[in-house]
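Beneath this line is the structure, given in structure tokens, with notes to follow.
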Ligand SMILES: [Zn+2]
């Protein structure tokens, strides 16, 4: 897939990125986008992914490409 990205040194798919942010499997994930912000922990590049952790919820997750920092818009 073209929109796989490197996160913490590993190539991840949108579903895998959403799983890293959520901490468990997600139902569905959209494409990975640049979040246009810096990581508050290390200053690294932050990417975002929209995903559905369950049938009724849509969340945008943010993840640093260089360290373990992540957050959601919940
Ligand atoms: Zn970071």
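Among the conditions (1) touching a residue at least 40 places away in the same chain (Cβ under 8 Å); (2) under 19 Å from residue 6 (Cβ atoms); (3) touching a helix residue (DSSP H, G or I) at 6+ places or on another chain (Cβ under 7 Å), the only one that residue 72 does not satisfy is (2). Taken residue by residue, the stretch 35-44 has at least one member that is closer than 19 Å to residue 3 by Cα and modelled with pLDDT under 95. Note on the stretch 43-74: residues that are near the ligand (Cβ under 8 Å from one of its atoms) and either surrounded by fewer than 15 Cβ atoms within 10 Å (Cβ to Cβ) or outside any strand (DSSP E or B) (or both) total 7.
The residues of the stretch 32-42 that are surrounded by fewer than 15 Cβ atoms within 10 Å (Cβ to Cβ) and either in contact (Cβ under 8 Å) with a residue 12 or more places away in the chain or on the phi > 0 side of the Ramachandran plot (or both), listed by number, are 33, 34, 36, 37, 40, 41, 42.
The values are calculated or read from the model by the stated rules, or taken from the named source; none is laboratory data. Just so it is clear, the structure is predicted and the values come from calculations on it, not from any experiment. Positions of Cβ are backbone-derived with ideal geometry, glycine not excepted, and every protein chain shown enters the neighbour counts.
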